[in-house]
Amino acid sequence: MSSRRRRNLLRTLAIVVALLVVLAGAGALYGYHYADRLVAKGKQPVAGLHPAAAGKPMNILVVGSDSRAGLSRRELGRIQTAEVAGRRTDTIMILHVSPERDKAVLVSLPRDLRATINGQTGKINAAFAFGGPDLLVKTVEQTTGLPINHYAEIDFAGFLKVVDALGGVTLCNRSGHRLDDSFANLHMAPGCQRMNGVQALAFVRARHIDSDFGRIGRQQEFMRAVLAEVERRGNLVNLPKLMDVADIVTDHIKTDRTLSTGTAIGLARRLRKLDPASIDMRVYPSVASPPRCAGCAAFVDPLPEAAILMRALARDAAQLPPVGLPGGRWVSLAATPVTVLNGSGASGAAARAAADLRRLGVRVVGTGNAARPTGQASTLAYPPSMAQQAKLLAAVLDGKVKLVKASGGGSLVLTVGSGFRLG
């Protein structure tokens with residue numbers, strides 16, 4: 001195994017928990033001056049960020065760097081790695097926080113996701129190597145369509161120290177069989193066990209037991225485990241070790257200069273409920289594609305549902321569509337036939353609606369005129385076997401259609417009325 005692959009360490013849990021620890025600490029009992037000291041430690045200039053308007057949703061780009069800064073030789077030996085100059089990133093996430101919602105949303109982006117980087121096709125994690133945070137922010141915005149308001153980055157040393165400072169976490173092997181990956185030093189029997197920082201790192205870094213999407217699933221399992229640990233202890237802001245944990249975190253986390261103390265305290269108030277149910281964890285809807293030629297790189301390509309999920313986040317939808325769910329538990333509109341009928345009486349209404357749907361990746365198989373006019377109302381008829389697909393399309397249409405169960409048929413039938421608008 002190459003040293004580069006050994007550096008492919010996924011730090012999802014520590015990244016997000018570190019951010020939440022800092023924010024929770026900033027909003028707790030220690031006052032504005034303590035919060036200001038914490039937030040100011042790792043500030044750096046990041047170009048291309050969009051200031052979030054007061055009272056509006058906020059998107060935070062959270063990344064993991066494999067910098068070993070702050071690790072002793074003994075600590076490097078514990079994780080079977082060596083000191084490496086510079087920093088790279090494999091872990092890229094968007095944390096969406098809204099003042100209108102009880103939950104935050106965390107979307108994990110695969111590191112091999114196909115993206116355009118300075119006009120060239122490449123894997124999205126390469127943007128950080130080529131141009132640091134500035135280019136990564138630009139690339140993520142172009143790929144997802146979401147404005148990035150703030151940036152947070154944690155290094156490898158922070159991962160270990162935060163998990164150990166929390167006293168470890170309980171992680172579960174739910175596969176039903178033993179997990180063995182000698183490259184990651186993971187050897188785990190089925191069931192649950194208590195893990196320290198080194199062991200937990202092996203759990204999320206393993207790449208030879210399933211796929212990149214499996215690793216993302218373990219990262220999210222790891223996140224839930226830490227949040228469950230926080231909840232078990234009562235509340236993070238009441239832990240006696242809070243100041244020590246926050247100090248460890250802020251020694252290893254970098255944020256953009258525009259993340260003010262006031263903004264951090266505001267985020268802490270929104271995220272004060274730190275439990276497994278407080279974060280809606282998603283995966284950027286995508287699929288691993290085979291190389292297009294001998295010797296070509298293998299990419300992860302977005303599915304049509306990616307645009308649907310990103311559009312819902314951009315609009316801060318009250319209910320997200322059932323896509324990007326952990327473990328691939330979602331339905332696909334790219335594989336669902338949809339027929340669009342014109343019930344409005346206006347010429348070309350069905351064709352226009354079909355074109356809008358196709359731009360979102362919906363599989364429109366035909367258009368036509370409805371048997372009778374529907375006026376302003378729009379309906380979506382579905383056979384019982386396609387109920388989940390109908391709910392997804394209804395979510396895409398922001399609930400502007402009435403769901404109607406049909407007795408049969410092999411497709412969804414969308415009948416658009418004169419009041420139908422997409423977007």
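Throughout, read-outs are computed from the coordinates displayed, never taken from laboratory work. All values reported here derive from a predicted model rather than from experimental measurement. Cβ sites come from the backbone with ideal geometry, for glycine too, and all protein chains shown count toward neighbours.
Distance cut-off 28 Å, Cα to Cα: go down the list LYS103/LYS391; LYS103/LYS138; LYS123/LYS400 and report the pairs above it. If you can, show how the numbers build up before the last one.
On the way: LYS103/LYS391 21 Å; LYS103/LYS138 26 Å; LYS123/LYS400 37 Å.
Violating the 28 Å Cα-Cα cut-off are LYS123/LYS400.
For THR339, what residues show an amide H to amide H distance below 5 Å, using hydrogens built from the backbone and excluding near sequence neighbours?
Sorted by chain and number, the residues that satisfy this are VAL365, LEU412, VAL413, LEU414.
Assuming R0 = 25 Å, what is the FRET efficiency of SER418 and ARG359, from their Cβ-Cβ distance, to the nearest 0.05? All intermediate terms of the calculation are to be shown ahead of the outcome.
Details: r = 21 Å, r/R0 = 0.86.
Working from the Cβ atoms, E equals 0.70.
P(r) of region 260-404 in 5 Å steps, Cα pairs, percent per bin?
Taking all Cα pairs of region 260-404, the binned fractions are 2, 8, 14, 17, 16, 13, 10, 8, 6, 4, 2, 0, 0 percent.
Students often get this wrong: which residues of region 297-323 have the backbone nitrogen under 18 Å from the point 7 angstrom along Cα-to-C-beta of PHE130?
Output list for this probe position: 297-302.
Residue-wise, which Karplus ³J(HN,Hα) couplings in Hz belong to region 185-191, taking 6.51 cos²θ - 1.76 cosθ + 1.60, θ = phi - 60°, and x for glycine or proline?
Using θ = phi - 60°, the values come out as 6, 9, 9, 9, 6, x, x Hz.
Which lysines does LYS43 reach when only Cα atoms under 17 Å apart count, and residues fewer than 8 places away in its own chain are ignored?
In chain and number order, the partners are LYS254.
Tell me, what is the FRET efficiency for ASP102 and SER347 to the nearest 0.05, using R0 = 35 angstrom and their Cβ-Cβ distance as r? Could the numbers behind the result be given before it?
Details: r = 45 Å, r/R0 = 1.28.
Efficiency at R0 = 35 Å is approximately 0.20.
For region 413-419, what does the Karplus curve 6.51 cos²θ - 1.76 cosθ + 1.60, with θ = phi - 60°, yield as ³J(HN,Hα) per residue in whole Hz, taken in order and with x for Gly and Pro?
10, 9, 9, 8, x, 5, x
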